[in-house]
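> Pasting in a structure now, in structure tokens, and then I'll have a few things to ask.
The values are calculated or read from the model by the stated rules, or taken from the named source; none is laboratory data. Small disclaimer: the values here were computed from a predicted structure and weren't measured. For neighbour counting, all protein chains shown are included, and Cβ atoms are generated from backbone atoms with ideal geometry for every residue, glycine included.
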Amino acid sequence: MNENEEAYWNANVSLILKLLAVWFVVPFLGGIVFVDVLNLIHLGGYKLGFWIAQQGSIYLFVVLIFIYTKKMSDLDDRFESEGDK
Amino acid sequence: MELQTLTYIVVGFTFALYIGIAVWARAGSTKEFYVAGGGIHPIANGMATGADWMSAASFISMAGLIGFSYQGYGGSVFLLGWTGGYVLLAMLLAPYLRKGGKFTVPEFIGDRYYSKTARIVAVVCLIIASITYVIGQMKGIGVAFSRFLETSYEIGLTAGMVIVFIYAVLGGMKGITYTQIAQYVVLIFAYTIPAIFISMNLTGNPIPQLGLGGTLADGTYLLDKLDQVVTELGFSEYTTSTRGTTLNMFMYTLSLMIGTAGLPHVIMRFFTVPTVKDARRSAGWALIFIAILYTTAPAVAGMARLNLMNTLEPAPGEHLVYDERPQWFKNWEVTGLLEFEDKNSDGKIQYSANKDTNEMVKIDNDILVLANPEIAQLPNWVIALVAAGGLAAALSTAAGLLLAIASAISHDLMKGIFTPNISERKELNASRIAMAATIGLAGYLGFNPPDFAAGTVALAFGLAASSLFPALMLGIFYKRMNTAGAVAGMLSGIGVTLFYVFQHKGIMFVKGTEYLGDMSPNWFMGIEPNAFGAVGALVNLIVALIVCKVTPPPPKEVLEFVDFIRSPGAAATASEH
């Protein structure tokens with residue numbers, strides 16, 4: 001692996017770790033572990049913790065994948081053009 | 001028009017469409033048969049993945065599981081587990097597997113771990129997971145036919161097999177992809193239209209996702225009303241009742257997520273897109289298409305449950321008189337999904353959580369979706385559409401699973417290991433024969449469902465989570481991982497999961513052999529067997545890492561292969577390998 005490819009891979013791994021931290025915290029902590037506390041807050045007719053577990057997390061998953069896709073596409077373009085130099 | 005006739009017309013039209021696509025999308029090469037030629041647009045693949053993923057269970061059973069068996073909030077494990085796995089798939093597996101440019105999941109494992117043994121172990125895991133899963137789809141096809149079209153279960157199952165046979169054998173992945181796109185459209189309309197009607201009726205809001213958090217005609221919040229109605233009858237509160245302990249819910253969700261990401265029939269859909277970028281994008285689109293149904297399902301669960309309870313007990317203490325029960329109640333009594341027993345002989349229906357006085361002795365989970373349009377008094381064409389949607393969901397998932405099994409046999413076992421010198425022409429024929437044989441086997445299992453059919457979901461997700469996912473992920477993210485580590489990991493992951501499931505559910509699910517009993521006091525830290533896949537995955541990971549440390553590192557070509565799948569740039573094409 002050359003330096004260029006290694007930088008690309010490291011950037012990828014650090015991006016994944018950040019996004020997976022959000023992937024873990026919101027549904028597992030917000031929707032399960034601390035659900036009772038969050039249920040004290042209301043979102044219209046929804047208790048917040050219940051909403052995170054049955055609606056919010058699913059929207060979040062979609063957003064996380066598209067953030068990853070966008071950032072990786074930018075990274076691809078940058079490294080592919082550098083590789084041609 | 002009579003409901004029966006209308007249903008035949010709608011279902012007949014969708015079947016004609018699938019056959020039309022099959023004739024148009026015939027496969028001419030192994031590349032078309034295994035990966036649809038590798039040129040599927042990412043949005044089209046996302047849609048096909050949605051149909052591939054959403055099975056008879058998602059369409060027919062899930063809302064009822066959430067609304068009844070898992071008592072509301074507890075059902076979140078399915079909603080979170082079966083969507084969150086796509087995040088893992090998009091970031092940890094799909095792009096790199098696409099870059100590797102293989103036809104099948106075991107082929108990737110065989111090349112990455114430079115070993116035929118590893119490839120065979122992967123084939124075995126794939127076949128067990130997929131066969132257990134396909135039995136459920138075959139049953140779903142038979143049940144949907146017999147309930148909506150009033151045919152016998154056997155005729156329904158045979159009709160379904162013939163349809164799948166035509167498009168899967170002729171078209172392979174190419175035919176399956178285009179029919180799955182059509183099936184997605186059918187199933188998503190069939191699921192959302194009744195939900196929109198019901199949300200309108202109850203809350204005045206046409207968007208079910210908002211309606212669930214909205215207010216009823218009397219100004220109270222729907223969920224508050226639901227909590228009140230169920231607790232009055234002695235059930236636990238809808239919005240807060242958990243499934244077992246918090247740890248159990250946590251592990252259950254995690255197991256379903258890891259299992260989702262590790263299921264071969266889903267992973268292999270990402271081999272069909274042109275580039276690595278497309279594989280990532282396609283995972284996002286797949287989840288959008290899936291989320292449309294998965295965010296609607298909890299609304300259907302809550303609203304249909306409320307509707308049903310209101311029908312049975314319009315006001316507190318005022319019970320429905322059995323002789324005045326609505327027509328849909330009679331219809332579903334005939335099928336055995338609903339059962340009433342007048343325990344106190346007053347001719348009225350008393351429904352409660354108390355087993356001794358409850359007179360609704362059976363309310364099948366499936367009733368929430370199947371009878372939903374009738375309970376809400378929706379027009380007949382909506383009911384016909386639900387029938388077509390249920391069949392589309394079962395057929396699309398069955399086809400994906402059958403292809404996963406058939407390609408593992410013809411490409412991995414025959415071309416890869418036992419008869420490596422066969423020509424492409426012969427391999428294509430072999431894959432068609434393997435597909436036909438697999439359909440025959442699945443059909444046989446559908447006609448004679450083994451005793452363990454009910455426990456199969458746990459097994460399929462448990463196996464995928466504890467065997468394939470860790471092996472694939474380590475192969476990409478841990479360069480030093482070698483054959484010995486991967487094989488030992490897979491075997492111990494499966495071993496631990498099977499051991500746990502069998503000791504509580506019976507060996508091969510045979511009743512009487514469950515020596516620890518299917519009871520919560522004997523569960524390890526309160527974790528139910530369905531939720532054990534995550535523990536199996538962890539065992540796999542630890543064993544793999546330890547064994548890997550004490551055995552030699554992989555050869556140079558493998559390290560180069562890992563560098564290649566990690567680097568930016570064009571994906572390999574499978575024909576080059």
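Rundown of residues vs (1) within 7 Å of another protein chain (Cβ to nearest Cβ); (2) modelled with pLDDT of 95 or more; (3) closer than 25 Å to B:ALA297 by Cβ, yes/no style:
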position: A:TYR8; (1), (2), (3): yes, no, no
position: A:SER14; (1), (2), (3): no, yes, no
position: A:LEU17; (1), (2), (3): no, yes, no
position: A:TRP23; (1), (2), (3): yes, yes, yes
position: A:GLY45; (1), (2), (3): yes, no, yes
position: A:LEU60; (1), (2), (3): no, yes, yes
position: A:VAL63; (1), (2), (3): no, yes, yes
position: A:PHE66; (1), (2), (3): yes, yes, yes
position: A:ASP74; (1), (2), (3): no, no, no
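> Run down B:ILE383, B:ILE422, B:ILE405 and say which single residue is in a loop (DSSP other than H, G, I, E, B), on the phi < 0 side of the Ramachandran plot, assigned by TED's automatic domain parsing to the domain that holds B:TYR167 and of a type outside the set (Phe, Trp, Tyr). If you could, list the steps in order and put the result at the bottom.
Numbers: B:ILE383 fails: in a loop (DSSP other than H, G, I, E, B); B:ILE405 fails: in a loop (DSSP other than H, G, I, E, B).
Answer to the selection: B:ILE422.
> Before we move on, is A:ASN4 more than 18 Å from B:MET249 (Cα to Cα), in a helix (DSSP H, G or I) and under 16 Å from the mean Cα position of the chain (by Cα)?
On the way: more than 18 Å from B:MET249 (Cα to Cα): yes; in a helix (DSSP H, G or I): yes; under 16 Å from the mean Cα position of the chain (by Cα): no.
Criteria not met by A:ASN4.
> Kindly indicate whether any position in segment B:301-312 is under 26 Å from the mean Cα position of the chain (by Cα), within 14 Å of chain A (Cβ to nearest Cβ), under 24 Å from A:ASP76 (Cβ atoms) and charged (D, E, K, R).
no
> Let me ask another. Of all residues in segment B:194-223, how many are more than 12 Å from chain A (Cβ to nearest Cβ), farther than 14 Å from B:ASN307 by Cα and in contact with a helix residue (DSSP H, G or I) (Cβ under 6 Å, 6 or more places away or on another chain)? Walk me through how you get there before you give the answer.
Quick first cut of segment B:194-223, residues more than 12 Å from chain A (Cβ to nearest Cβ) only: B:194-201, B:204, B:206, B:217-218.
Then keep just the ones that are farther than 14 Å from B:ASN307 by Cα; that gives B:196, B:204, B:206, B:218.
Then drop every residue that is not in contact with a helix residue (DSSP H, G or I) (Cβ under 6 Å, 6 or more places away or on another chain), which leaves B:206.
Looking only at that region, the number is 1.
> Same structure, new question: Outside any helix (DSSP H, G or I) and touching a residue at least 12 places away in the same chain (Cβ under 8 Å) - does that describe any residue in segment A:23-43? Don't jump to the end; show me each part of the working.
In the first step, residues of segment A:23-43 are kept if they are outside any helix (DSSP H, G or I); the result is A:34, A:39-43.
So of that shortlist, the ones also touching a residue at least 12 places away in the same chain (Cβ under 8 Å) come out as A:34.
Within segment A:23-43, one or more residues are outside any helix (DSSP H, G or I) and touching a residue at least 12 places away in the same chain (Cβ under 8 Å).
> Here's a follow-up. Restricting the search to segment B:550-566, which residues are in a loop (DSSP other than H, G, I, E, B) and in contact (Cβ under 8 Å) with a residue 24 or more places away in the chain? Let's see the steps before the verdict.
We begin by selecting, within segment B:550-566, every residue in a loop (DSSP other than H, G, I, E, B); these are B:550-555.
Those that are in a loop (DSSP other than H, G, I, E, B) and in contact (Cβ under 8 Å) with a residue 24 or more places away in the chain: B:THR551, B:PRO552, B:PRO553, B:PRO554, B:PRO555.
> A further question follows. So B:THR215 clears everything in (1) closer than 19 Å to B:GLY84 by Cβ; (2) at pLDDT 90 or above except one condition, right? Which one?
Evaluating B:THR215 over (1) closer than 19 Å to B:GLY84 by Cβ; (2) at pLDDT 90 or above leaves (1) as the failure.
> Tell me which residues, restricted to segment B:409-447, are β-branched (Val, Ile, Thr) and crowded, with 17+ Cβ neighbours inside 10 Å. Spell out the reasoning first.
Here is the first cut: in segment B:409-447, the residues β-branched (Val, Ile, Thr) are B:409, B:417, B:419, B:422, B:433, B:438-439.
Correct list: B:ILE409, B:THR438, B:ILE439.
> Turning to a different aspect of this structure: Have a look at B:GLY85, B:GLY50, B:GLY67 and point out the one that is modelled with pLDDT under 90, under 20 Å from the mean Cα position of the chain (by Cα) and over 30 Å from B:LYS426 (Cβ atoms). Working first, answer last.
On the way: B:GLY85 fails: modelled with pLDDT under 90; B:GLY50 fails: modelled with pLDDT under 90.
Residue meeting the stated conditions: B:GLY67.
> Of the residues B:THR239, B:THR253, which single one is within 13 Å of chain A (Cβ to nearest Cβ), under 30 Å from B:VAL535 (Cα atoms), touching a Lys or Arg at 6+ places or on another chain (Cβ under 7 Å) and touching a residue at least 40 places away in the same chain (Cβ under 8 Å)? First the steps, then the outcome.
Details: B:THR253 fails: touching a Lys or Arg at 6+ places or on another chain (Cβ under 7 Å).
Every option except B:THR239 fails the conditions.
> Going through segment B:243-277 one residue at a time, which ones are charged (D, E, K, R) and crowded, with 24+ Cβ neighbours inside 10 Å?
Within segment B:243-277, the first condition is being charged (D, E, K, R), and the residues that meet it are B:243, B:269, B:277.
Within segment B:243-277, just B:ARG269 meets the criteria.
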